[in-house]
Amino acid sequence: MPAYWLGRANPRDGALLVQYAEIVSRIQPRYGFEPLSRGQTFVELEGDLKFERYFLHRFPSLKEALAMYSSPEYQEAAAIRQAACNGSELVIIDGGDNRKNSWGGFH
């Protein structure tokens, strides 16, 4: 079952972000993720936090996404990303059909 890696950031140092991208590109084959969007064009419909860039990747599984996040190589890249941005967030979402939520309703 796929998992989705959703990142958003306010970049401020392009040179550092190139370093981040180089590390991530190098480890991509090991974790099998597919970049779906590296969008600069988006519409924010709700929320107070504003970001300039959004990233969406599909992984084969939640296990693979978490393995990449936990890897020493990605932790090095994450430190670079955090230093290169004025704020960034990352969420990994299980892509299964979990429409029924914990309180018995549907999303």
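The values are calculated or read from the model by the stated rules, or taken from the named source; none is laboratory data. As the structure is a computational prediction, the values presented were derived from the model and not from experiment. Because the Cβ atoms are built from the backbone with ideal geometry, glycine has one as well, and the counts that use them run over all protein chains shown. Heads up: the accessible areas ignore ligands, DNA and RNA and are worked out on the full protein's heavy atoms, side chains in. Shrake-Rupley method; radii C 1.70, N 1.55, O 1.52, S 1.80 Å.
By the helix-only formula, in which each DSSP H run with n ≥ 4 contributes -39500 (n - 2.57) and the sum is divided by residues, the chain has a 222 nm mean residue ellipticity of -12000 deg cm²/dmol. Across q = 0.18, 0.25, 0.27 Å⁻¹, the stretch 30-88 modelled as identical point scatterers on its alpha-carbon atoms has Debye log10 I(q)/I(0) values of -0.82, -1.15, -1.16, in the order of the q list. Measure off, as a whole percent, the carbon and sulfur share of the 1.4 Å-probe accessible area of the chain, all protein chains present. Ligands and nucleic acids excluded, carbon and sulfur reach 54 percent. For residue 82 and residue 56, the difference between the fully extended length at 0.36 nm per residue and the C-alpha to C-alpha distance is 7.6 nm.
In the stretch 30-55, which residues have a backbone nitrogen under 19 Å from the label point lying 7 Å from residue 73's Cα in the Cα-to-Cβ direction? Only 30-36 fall inside the zone, counting backbone N under 19 Å. Here the spin labels are modelled as points 7 Å beyond Cα on the Cα-Cβ line, and at residue 1 and residue 13 they lie 3.9 nm apart. Summing +1 for each Lys or Arg and -1 for each Asp or Glu among the other residues whose beta-carbon sits under 15 angstrom from that of residue 70 gives -1. In plain terms, the chain is cut at each of the chymotrypsin sites (Phe, Trp or Tyr not before Pro) found in a DSSP loop with at most 13 other Cβ atoms within 10 Å, and the longest leftover piece is 43-102.
Radius of gyration (Cα atoms) of the chain, expressed as a multiple of 2.2 N^0.38 Å: 1.15.
Once both labels are positioned 7 Å from their Cα atoms along Cα-to-Cβ, the gap between residue 28 and residue 93 label points is 2.1 nm. Within the P(r) computed for the stretch 9-57, what percentage of the Cα pairs occupies the region above 14 Å? I get 63 percent for the Cα pairs in the stretch 9-57 exceeding 14 Å.
Could you give the angle, 0 to 90 degrees to the nearest 10, between helix 72-84's Cα long axis and the longest principal axis of the Cα atoms of the chain? So the helix axis and the longest Cα principal axis differ by about 70 degrees.
The residue list 20, 49, 83 was ranked by how far each Cα lies along the charge dipole of the chain toward its positive end, using unit charges on Cβ atoms, and 20 comes out on top.
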